[in-house]
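The values are calculated or read from the model by the stated rules, or taken from the named source; none is laboratory data. These numbers were taken from a predicted model, which means no experiment stands behind them. Counting neighbours? That spans all protein chains shown, and the Cβs are built from the backbone with ideal geometry, glycine included.
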Amino acid sequence: MNIRNTVLTALVLPAFLLCLFGTVRAADPVHYAGMPQGELDYDEFVELWDSFLHWRDPAAATKTRSLTDVAGLETDVYPDFGAEAMASRLTQLRNFQERLNRFAVHTWATGRQVEFLAVRASLDQEEFTLRVSRPWSRDPGFYVDRMLRLTFTDLPVEGAALAELERQLEAIPGLVAQGKANLTDVAADYADLALFNLSNADGVGHGYPYRASPPQGVVGWYDDLLARAGQQQPELVEHITLAQSAVESFRDWLRANRPEMRARAGVGKAAFDWYLKHVKLMPYTSDEIVTLGRRELDRLWAQYALERHNNRDLPELTLPKTGADYQERIDTTDRLIRTFLVDEEIITIPEYIGKLSTNVPWIARDGGPNFWEQIQYRNPTPDHLHAVIPGHRFDAVVERNNPDPVRGRLTDDARVEGWGVYLEEAMMYAGLLDEQPRVRELIYLFGIFRAARMSADAWLQLNSMTANEVADFWIEHVPYLDRDVARVDAEIYLRRPPGYGLGYTTGMIQMQALLAARQRQLGDDFDLKAFHDELMQSGRLPLSLLHWEMTGDDEGIAALWLREPMPVPQDSFAGL
């Protein structure tokens, strides 16, 4: 075990950028079996990473993506997701992967070895998508997602915006034709979810524009766009009508062929365990994830019960009656949290962190608030910690201001979500809610849903449960949870890259392990603010790698260097 010297002097420098984005930590190189021992240097490694990012997604490579989730995906005007195009893409990826073996990683300091493993995992994720997940041939939602976003366009538009909208509308028939041709191995769950989304409002509306009566699915959003065009920009009506007809034909094709779509949506145990190790770089198998998830679910339920007992004589938190009342709760919460972070020396807030948006808008629903609204409307603290400050939005702005060519452009979702979930309980235990005992109950309710995701996400990929069965499990185990939120979450975590849903609580467990390790190492010299600042400095890399870098504890690291063959379907580009 190699314990490096802890460097904390930079954290007391007055300029935040100097402390947060200093040079990579120096450490003696450590050699492991399987580590490349080539001739290419670190600068060439940075060049490879830059080239890969632009190959994978130019907008992400240049950090031009939105900081918040927006429903749907941009339409590729000339999509080509056919077998030949995907095989060509895999060949291009192989060129990146082969170059990885030519770097002199055995001579690099630990921090750069950490970056190498993180980059290799990103390439492995791309290969997994191409060879195992294959959404363009297995998931009709892959195409449905790309039909939606353009319908949100505010009218009227002119100039370049008008030309782009017309171009995207004209691309929809080609997108539909691609879907009908390429969807040769459709999973039953994926087909049902796509059919639902084409013709039904999801009841949640993550990133959707507000409508008092939500349009009924993707087809309904085309009706919405068509109605607005008829009043505001009639010259678009023909373009929209043709695109909508194509979308409806895809729905009808999917309905007609649904009886033949019987494949399983999950990737299976062998592939999922490979993915957890090589892409997520997690120290757990799928069986261990299930066990840990069930344990966390029981722990949080027990703590929720004890907190409810402790608060039994206090008034319950109530829902706001107006949007203005709700906004005042958000503003008050934001002030309290920012003051707490500064006064209690929790984390450095850079000067460039200004006002940050929130996740849950004010909506008056006929059936009452959904799960997220039941929590957020009563008190915004849990989601404000998780998703605003010092959670996701704070975290993302810090990353965007990180000039490091590797760490500033590499995001591991379990690090992101694990940090957010960690903050919910951590800030409570640090004293934020000492005077707000009923809000502590909301923290536990959030944790219960996160923990329930952990096992269920594994069950989805192991094909132990369908999306509907997972939704049923969640509704049984999570207070306030409604069918719409349960269904949407089951879809999100089934259809996103595997392991996203389990990353919330698994990442939190890894964050707690890292905190515990640093406290044990430093003893009385441990400083919580320095710990959090060092984490921010280190970038959003997988937590197993951050643990190794920040503590020097390399337990489990040797196994990560030994890349095992990927379990793939027999018909998945067998010759490549």
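In segment 438-473, the residue that is nearest to V267 (Cα to Cα) out of those that are among the small types (G, A, S) and part of a helix (DSSP H, G or I) is A458.
Take A181 and decide whether it is closer than 28 Å to V218 by Cβ, among the small types (G, A, S) and either at pLDDT below 95 or in contact with an Asp or Glu (Cβ under 9 Å, 6 or more places away or on another chain) (or both). So A181 does not fit the description; no.
Of the helices (runs of 4 or more DSSP H) contained entirely in segment 488-576, those carrying at least 2 residues that are acidic (D, E) and under 26 Å from the mean Cα position of the chain (by Cα) fall at 528-538. Taken together, the residues in segment 220-244 that are buried (at least 20 other Cβ atoms within 10 Å of the Cβ) and closer than 25 Å to E491 by Cα amount to 3. Summed over segment 365-394, the residues that are among the acidic types (D, E), surrounded by 23 or more Cβ atoms within 10 Å (Cβ to Cβ) and more than 18 Å from R438 (Cβ to Cβ) give a count of 0. Being under 29 Å from N359 (Cβ atoms), within 24 Å of the chain's Cα centre (by Cα) and part of a loop (DSSP other than H, G, I, E, B) is a description that applies to P209.
Of the residues that make up segment 209-223, is at least one polar (S, T, N, Q) and within 28 Å of D80 (Cβ to Cβ)? Step through it out loud before you land on a result.
Going through segment 209-223, the residues polar (S, T, N, Q) turn out to be 213, 216.
In the following step, the residues that additionally are within 28 Å of D80 (Cβ to Cβ) were identified as none.
No; the residues of segment 209-223 include none that is polar (S, T, N, Q) and within 28 Å of D80 (Cβ to Cβ).
For K355, the conditions (1) among the basic types (K, R); (2) in contact with a Phe, Trp or Tyr (Cβ under 9 Å, 6 or more places away or on another chain); (3) assigned to a loop (DSSP other than H, G, I, E, B) are fulfilled apart from (2).
Count of segment 149-164 residues, restricted to those that are surrounded by fewer than 22 Cβ atoms within 10 Å (Cβ to Cβ) and either in contact with a helix residue (DSSP H, G or I) (Cβ under 7 Å, 6 or more places away or on another chain) or within 30 Å of L281 (Cα to Cα) (or both), is 4. Right, Y444: of a type in the set (F, W, Y) and at negative phi or not? Yes. The set of residues in segment 361-396 being assigned to a helix (DSSP H, G or I) and touching an Asp or Glu at 6+ places or on another chain (Cβ under 8 Å) consists of F371, W372, I375, Q376, P382, H384, L385, H386.
What helices (runs of 4 or more DSSP H), lying completely within segment 224-326, carry at least 3 residues that are more than 30 Å from P437 (Cβ to Cβ), without any contact (Cβ under 8 Å) to a residue 40 or more places away in the chain and out of contact with any Asp or Glu (no Cβ under 9 Å at 6 or more places or on another chain)? Working first, answer last.
Working: elements: 237-257, 269-278, 286-310.
By residue number, 237-257.
Within the set V342, V360, the sole residue that is free of Cβ contacts under 8 Å to residues at least 40 places away in the same chain, within 22 Å of A430 (Cβ to Cβ) and either hydrophobic (A, V, I, L, M, F, W, C) or buried (at least 18 other Cβ atoms within 10 Å of the Cβ) (or both) turns out to be V342. For segment 443-487, the set of residues classified as under 17 Å from the mean Cα position of the chain (by Cα) and among the β-branched types (V, I, T) consists of V485 only.
Say whether the condition of being outside any loop (DSSP other than H, G, I, E, B) and free of Cβ contacts under 8 Å to residues at least 60 places away in the same chain is met by at least one residue in segment 126-136. Can you show your working first?
Pass one, segment 126-136, residues outside any loop (DSSP other than H, G, I, E, B): 126-133, 135-136.
This time we only want the ones that are free of Cβ contacts under 8 Å to residues at least 60 places away in the same chain, so: 136.
So far as segment 126-136 goes, yes, one or more of its residues are outside any loop (DSSP other than H, G, I, E, B) and free of Cβ contacts under 8 Å to residues at least 60 places away in the same chain.
Residues in segment 264-303 that are within 25 Å of Q97 (Cβ to Cβ), aliphatic (A, V, I, L, M), buried (at least 19 other Cβ atoms within 10 Å of the Cβ) and out of contact with any Phe, Trp or Tyr (no Cβ under 9 Å at 6 or more places or on another chain): 2 in all. Within segment 336-348, is even one residue over 19 Å from D434 (Cβ atoms) and out of contact with any strand residue (DSSP E or B) (no Cβ under 9 Å at 6 or more places or on another chain)? Yes - at least one qualifying residue is present in segment 336-348.
For segment 422-438, the set of residues classified as surrounded by 15 or more Cβ atoms within 10 Å (Cβ to Cβ) and either within 14 Å of L515 (Cα to Cα) or modelled with pLDDT under 95 (or both) consists of Y422, L423, E425, A426, M427, A430, listed by residue number.
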